[in-house]
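The values are calculated or read from the model by the stated rules, or taken from the named source; none is laboratory data. Remember, it's a predicted structure, so these values are computed and weren't measured experimentally. Cβ placement follows ideal geometry from the backbone for every residue including glycine, while neighbour counts extend to all protein chains displayed.
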Ligand code: F6P
């Protein structure tokens, strides 16, 4: 196993340490340099990305690019795209980029070109999607499918639900998706409410097909389906009719097709992917089947093409103009040189309301690590908390803290030029009112309002301090022409490569997730205690015992 380069030993790091003391005042930076916005705005596919309101100057950006070179970002990137097993703790290649590669590409894992496999599986998914969309695929009583319910969690849920919400205008009329993820039985209870089993199709999406939540929910949904069909007299109690109903109403997506068969789903109704696709990077694989069904193969193809366009940009653009690399390096700048512990992502597009939640898994499961890929401790802070809500809702909730709080919170603002729903309020174009907020917020954060400006408004002296905005709060503005399938794919790939860049600088394996294991193991151990087994309860720590006893004595039966 190779050893990661310790970023803190590089000359670039030493230079950045010197430069962090340099005051960047965004007001004067803009006033003194009329070319700043243009120079620091870059294009990646359809994304127009303005980095000019970040706390950098030419020297800092040059040192960040040097840092990328000195830690071997381009070499690691090329190794990832070439199918090398850079996920060392799981001994796996990392090839979500192969999911969106053109059919004539050659990307090998263990000597086999995986691109034909990808395209063959996509063709299967598309053929299935077309059958559901056209009504050719029928439920067991002969009715066409109206509702598709995706059962999955983590990467097998967050990507599909986020994209489904983002691309609502592309969803075929008469088809709806619902998403069940949580093992809280409320999720199944609420999401199956009002559904007709005869027109409902379940997609059980699980990379491993061992995930407790997903398999439990799949069993609950299977029971719901069979009870519903039997209750309506649509099928009898025989095994044969149950199997036939499951075959018409359940399909699966997994890398473990043997386990799919054990669950009772016909492998002919299963779509595969591969261990070189991480769960949180899997929305472009068959995990997106619910999307291929609802938005259609053509739109799903555009979505993949958008991702691929950003992959090409990440591979081809010079580091000094490489948007994902620069955004990742800026994040390192804020985390390691400015002590930022979190990063806000603020989409000014209601359809992107699940984007921050999706990014939380992508970024925090990837870079929330304290050891490097060779097992040695990290040498710097890593993984900031990603969070956010759509504007303008966030403005009326937490922006106060970003504007005037004591913490530095870098923020990404995302907006599109053409609204999906162009509405007017009298003479006002409402999308323009919305965008005015998007433009105003980054200006307010960057340039603030001085005490003199507050006084000039006639504010009483004792209130002046409360009304001062310090400014110099860094933001990146990302704009695109419209929220198309391609643009949504571009945004996803952009953040994938930002996350990768940060991971490379920190020397960590961004593609494992061992940190989720311990809680799963302990949940298994504590389950008998929760069911009232005294011996199992006695093995728990005192706090857990007391909490479980509270549960046992307060549960209404
Ligand atoms: O909780 C960890 C995790 O492994 C995620 O990385 C993954 O996306 C999720 O669980 C679901 O896993 P699966 O698709 O195997 O059910």
*Return only the number of the condition from (1) within 16 Å of the ligand (Cβ to nearest atom); (2) touching a strand residue (DSSP E or B) at 6+ places or on another chain (Cβ under 6 Å) that residue 163 does not satisfy.*
(2)
_Considering only segment 437-450, I want to know if a residue exists there that is more than 16 Å from the ligand (Cβ to nearest atom), touching a helix residue (DSSP H, G or I) at 6+ places or on another chain (Cβ under 6 Å), over 30 Å from residue 89 (Cα atoms) and assigned by the TED database to the domain that holds residue 362._
yes
*May I ask you to say which residue of 148, 132, 140 is more than 16 Å from the ligand (Cβ to nearest atom), in contact (Cβ under 8 Å) with a residue 24 or more places away in the chain and part of a strand (DSSP E or B)?*
148
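This table checks each residue for (1) more than 16 Å from the ligand (Cβ to nearest atom); (2) at negative phi; (3) in a loop (DSSP other than H, G, I, E, B).
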residue	(1), (2), (3)
177	yes, yes, no
182	no, yes, yes
187	no, yes, no
190	yes, yes, no
195	yes, yes, yes
*Would you pick out the residues in segment 193-204 that are surrounded by fewer than 21 Cβ atoms within 10 Å (Cβ to Cβ) and either free of Cβ contacts under 8 Å to residues at least 60 places away in the same chain or not assigned by the TED database to the domain that holds residue 228 (or both)?*
193, 194, 195, 196
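Residues 15, 22, 76: which one is over 30 Å from residue 483 (Cβ atoms), surrounded by fewer than 18 Cβ atoms within 10 Å (Cβ to Cβ) and touching a helix residue (DSSP H, G or I) at 6+ places or on another chain (Cβ under 6 Å)? Can you show your working first?
Details: 22 fails: touching a helix residue (DSSP H, G or I) at 6+ places or on another chain (Cβ under 6 Å); 76 fails: surrounded by fewer than 18 Cβ atoms within 10 Å (Cβ to Cβ).
Among 15, 22, 76, only 15 is over 30 Å from residue 483 (Cβ atoms), surrounded by fewer than 18 Cβ atoms within 10 Å (Cβ to Cβ) and touching a helix residue (DSSP H, G or I) at 6+ places or on another chain (Cβ under 6 Å).
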*Does segment 294-313 contain at least one residue that is under 24 Å from residue 512 (Cβ atoms), surrounded by fewer than 21 Cβ atoms within 10 Å (Cβ to Cβ) and free of Cβ contacts under 8 Å to residues at least 12 places away in the same chain?*
no
_helices (runs of 4 or more DSSP H) contained entirely in segment 16-84, each with at least 1 residues that are touching a residue at least 12 places away in the same chain (Cβ under 8 Å) and within 23 Å of the chain's Cα centre (by Cα)_ = 73-81
*Residue check: is residue 378 within 24 Å of residue 37 (Cα to Cα) and either touching a residue at least 12 places away in the same chain (Cβ under 8 Å) or within 16 Å of the ligand (Cβ to nearest atom) (or both)?*
no
*With respect to the numbered conditions (1) in a strand (DSSP E or B); (2) under 30 Å from residue 76 (Cα atoms), which one is the sole condition not fulfilled by residue 357?*
(1)
*Looking at segment 388-411, is at least one residue without any contact (Cβ under 8 Å) to a residue 24 or more places away in the chain, within 22 Å of the chain's Cα centre (by Cα) and part of a helix (DSSP H, G or I)?*
yes
*Residue check for residue 328: in a loop (DSSP other than H, G, I, E, B), away from the ligand (no atom under 16 Å from the Cβ) and within 22 Å of residue 512 (Cα to Cα)*: no
*asked:* Condition first: assigned to a helix (DSSP H, G or I), away from the ligand (no atom under 16 Å from the Cβ), more than 27 Å from residue 296 (Cα to Cα) and not assigned by the TED database to the domain that holds residue 183. Can you find one or more residues in segment 477-494 that meet it?
replied: no
